[in-house]
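J.: Encoded as structure tokens, here's the structure I'll be asking about.
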Amino acid sequence: MSNLIFRNVRHQYDGVNSVDIEYLEVGAGKLVCLLGPSGCGKSTTLRLAAGLESPMSGEISIEGEVMANDRIFVGPEDRRVGLMFQDYALFPHLTVEDNVAFGLTQLGGKERRARARAMLETVGLAESARKYPHMLSGGEQQRVALARALAPSPRIMLMDEPFSGLDVVLRNRVRDETLTLLKEMGTTVLMVTHDPEEAMRMADEIVLMRDGRIVQQGSAGALYNRPVDAFAASFLGDVNTVTAHRNGDIFETDLGPIPVSAASNGDTVTDILVRPEAIRFLPVVNPEKPTGTVVLSRNLGAYSLVDVQFESGMRVTARVASMYQPKVGTSCSLSLNLSGVFIFPEPGNAQYVDKPISNTN
Ligand SMILES: Nc1ncnc2c1ncn2[C@@H]1O[C@H](COP(=O)(O)OP(=O)(O)OP(=O)(O)O)[C@@H](O)[C@H]1O
């Protein structure tokens, strides 16, 4: 059974739509990330699921039980959902164990203690039970917050930017540990993030939002490799915008000819989006290939980013193996891997370059 479903849910602040979701489903045991730019309605969606906001119209259900519609509204305390926010707000005057036991009001003293201990064991902090929050690192405090949220066995965990208070190194580790734990426990999770990398690392499914609406929903691979529009393509990863002139079934570009399916619209000039890793950098000039000049070269450890300018003035960034770090001023040739090339003739109506994927050799 699906755990959380939104149907035609609308919410407004001051008469302006903040969320307008036709259908959203978080399947049992899945981790779904709400992703999108600031103000797109991610937190409002989470607050609606938690019962901290009431929808103007539509229906929200958990495990088939209606939580909110035009007649019913179940308050947050009765939804059996776990909440975790950026500011995980542990009680400073309570021990770690008492923090975890805090929400277990329906259990007797002994059971409460046992459950809190078991949860601390699960997050690897059993030996810190008697400490106070200020005696723990940021990552450990975050784990206490997770234990506290999971202790009452919520039907679904709702997490709003839970890792954004942690520094980068810690964030990656805590994120991976949290993910492992949530998966082991089979917990259903709806999580908010504005960071595409975080969403791609964590999520079974990403829900990309803009202006309160869902733009695209699917796996990280689907969103990255088959974006529905230019917004989706550029939100999930870097893209180069390349001007293309149509000539029959070919778009002529500075990066070489790109075949176009016959279904494409009749535009003669259009923008084509190209992922940096789809541009292959050829260190030796090949007169048969598009050729330009290196204008910027950065080694980022795992790979290099190389900016190449063409005679036309157009400039693209190629992502290449870090062993290549060509000098500025070097002439070079490029070739394209068509799997990272997107053509969007009309908003929301993606065209993909003819498959199977091949290079424009
Ligand atoms: N309490 C409020 N009163 C009025 N407007 C609000 C309130 N909370 C949010 N909004 C507005 O609703 C819209 C959606 O906000 P929301 O916080 O859900 O976005 P978000 O995607 O979570 O943004 P962020 O990533 O910045 O947290 C925004 O336009 C915001 O300004």
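Bear in mind these aren't lab numbers, they're just calculated from the coordinates by the rules spelled out. Bear in mind the structure is a predicted one, so any value in this text is a computation, not a measurement. Quick reminder, even Gly has a Cβ in these numbers, built from the backbone with ideal geometry, and neighbours come from all protein chains shown.
J.: Do you know which of the residues in the stretch 26-64 that are over 22 Å from residue 178 (Cα atoms) and among the charged types (D, E, K, R) is nearest to the ligand (Cβ to nearest atom)?
T.: 53
J.: Now for a different question. How many of the residues making up the stretch 1-25 are among the charged types (D, E, K, R) and within 15 Å of the ligand (Cβ to nearest atom)? Talk me through it step by step, then tell me what you get.
T.: At the first step, the residues of the stretch 1-25 found to be among the charged types (D, E, K, R) are 7, 10, 14, 20, 22, 25.
Next, from what is left, pick out any that are within 15 Å of the ligand (Cβ to nearest atom): 10, 14, 20.
Residues that pass the stated criteria total 3.
J.: So which residues in the stretch 105-117 are touching an Asp or Glu at 6+ places or on another chain (Cβ under 8 Å) and either buried (at least 17 other Cβ atoms within 10 Å of the Cβ) or not in a helix (DSSP H, G or I) (or both), if there are any at all? Please lay out each step first, then the result.
T.: If we filter the stretch 105-117 for residues that are touching an Asp or Glu at 6+ places or on another chain (Cβ under 8 Å), which is where we start, we get 113, 116-117.
Across the stretch 105-117, the qualifying residues are 113, 116.
Yes or no, residue by residue, for (1) over 20 Å from residue 194 (Cβ atoms); (2) surrounded by fewer than 19 Cβ atoms within 10 Å (Cβ to Cβ):
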site	(1), (2)
102	yes, yes
128	yes, no
142	no, no
157	no, no
163	no, no
170	no, yes
173	yes, yes
176	no, yes
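J.: Something else now. Look through the stretch 75-100, keep the residues that are hydrophobic (A, V, I, L, M, F, W, C) and closer than 21 Å to residue 192 by Cβ, and return whichever of them is surrounded by the fewest Cβ atoms within 10 Å (Cβ to Cβ).
T.: Here is the first cut: in the stretch 75-100, the residues hydrophobic (A, V, I, L, M, F, W, C) are 81, 83-85, 89-91, 94, 96, 100.
Then keep just the ones that are closer than 21 Å to residue 192 by Cβ; that gives 81, 83-85, 89-90.
Details: 81: 24, 83: 23, 84: 22, 85: 18, 89: 13, 90: 21.
Only one residue fits best here, namely 89.
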